[in-house]
Amino acid sequence: MGGGVGVLGVLAEVVAGVDTLGCDVRQVVSMLRWAGVVSKKQPVRPAARVVDLGCGRGELAVAIAAAMEAEVVGVDGHAAFVRLARERAADAGAEVAGGCRFVTGDVRTLPRLVREGSFDAAVMLNVMPCGPAVKILRRLVKPGGVYVFDDAMPLSRRGVVRVEEMEKAVAAAGDEVVECRFMSARRLAAARKRLETMRRRVERGGLSDGRALRAANVMVEHHEAALSLLGRELMPVVMMARRTF
C-alpha cells in the first residue's frame, strides 16, 4: 500500500465502512470448510485454530469464529484496526468474541503469541506477493494444515489467468495446491464502488494532518491504478495449499 508512514494516522478514517477491497470473506470461509479444517460446530471435535495475518478490522476473523468451531487469532500492524476488530468481535456476541483474539504486530516478524506450527489454518490476504506469503504462512500451520493467500495474476491473450507463479511458490516449499478461486465480475464491480467511496472521503478533506491527507491521496491513487488493471490485464486469485511436512 502506498502513502508511507503518514497515512497510518488516518487509515482507519479513510477506509471506514469499506470492509475489504479484495477477496470475498464468504469465499475464504467456504474454502476452509471445503478443506475440512473447520466445520459447523461439533462438541465432540476440538476447535480448530486459525490465524489471520493482516486481519484489518477483523471481518474475516469474526466470520470464521461466528460460522465455525474455531479459535481465531488476528494480527495487524495498524493498532486502530486491531481495536476496531475487537469491537467487531464484541458486537457479534460473547461466544464469537471469546473465540477471537487480536494483536498488533508486524506480520513479517510475528508477535510471540503466534507460535509456529500451532495452527490448523493460516490466512493472509491483500498483504504481500505469493512468494513471501507462502514462506510466512506455511511455518505457522501444522503438517497437514492449510494456508490461504492471494495475488493478482496476469491474463493471457485468451483471457485465461496464469497461476503458475503461485503454484511454483507452493511447490518450492514442498507443499500442494488444493484449491484455487478467482474474483468474480460482481466482486470486482463492488471493489470499484468501495474504492470510489474512499476517494470521495479523501477529497472531502477533514483530515487535520496535511501530510497524512497527501499520503491518503497517494494510497487511493495506488489502489485506483491497480484496480484499473483488474479484469483487463490482471485477475485476483485466491489459492489454498496444504503443508505436507
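The values are calculated or read from the model by the stated rules, or taken from the named source; none is laboratory data. All values reported here derive from a predicted model rather than from experimental measurement. Backbone-built Cβ (ideal geometry, glycine too); neighbour counts: all protein chains shown.
Quick notes
- Candidate set from region 70-124 (those that are assigned to a strand (DSSP E or B) and of a type in the set (Val, Ile, Thr)); member that is surrounded by the fewest Cβ atoms within 10 Å (Cβ to Cβ): THR104
- Enumeration of residues in region 149-185 that are outside any helix (DSSP H, G or I), over 24 Å from VAL107 (Cα atoms) and over 19 Å from the mean Cα position of the chain (by Cα): PRO154, LEU155, SER156, ARG157, ARG158, GLY159, VAL160, VAL161, ARG162
- Any hit, region 91-98, residues being touching a strand residue (DSSP E or B) at 6+ places or on another chain (Cβ under 7 Å) and touching a residue at least 24 places away in the same chain (Cβ under 8 Å): no
- Just one of the numbered conditions (1) part of a loop (DSSP other than H, G, I, E, B); (2) modelled with pLDDT of 95 or more is not true of SER208: (2).
- The single residue among VAL44, VAL50, VAL37 that is farther than 22 Å from ARG194 by Cα and at pLDDT 95 or above turns out to be VAL50.
- Those residues of region 151-177 which are under 18 Å from ALA226 (Cβ atoms) and either touching a helix residue (DSSP H, G or I) at 6+ places or on another chain (Cβ under 8 Å) or at pLDDT 95 or above (or both), in sequence order: ASP151, ALA152, MET153, GLU165, MET166
- Among the residues listed as ALA122, ALA90, ALA79, ALA133, the single one being closer than 19 Å to ALA47 by Cβ and either modelled with pLDDT of 95 or more or among the aliphatic types (A, V, I, L, M) (or both): ALA122
- Test result for MET219, at pLDDT 70 or above and either within 19 Å of the chain's Cα centre (by Cα) or crowded, with 19+ Cβ neighbours inside 10 Å (or both): no
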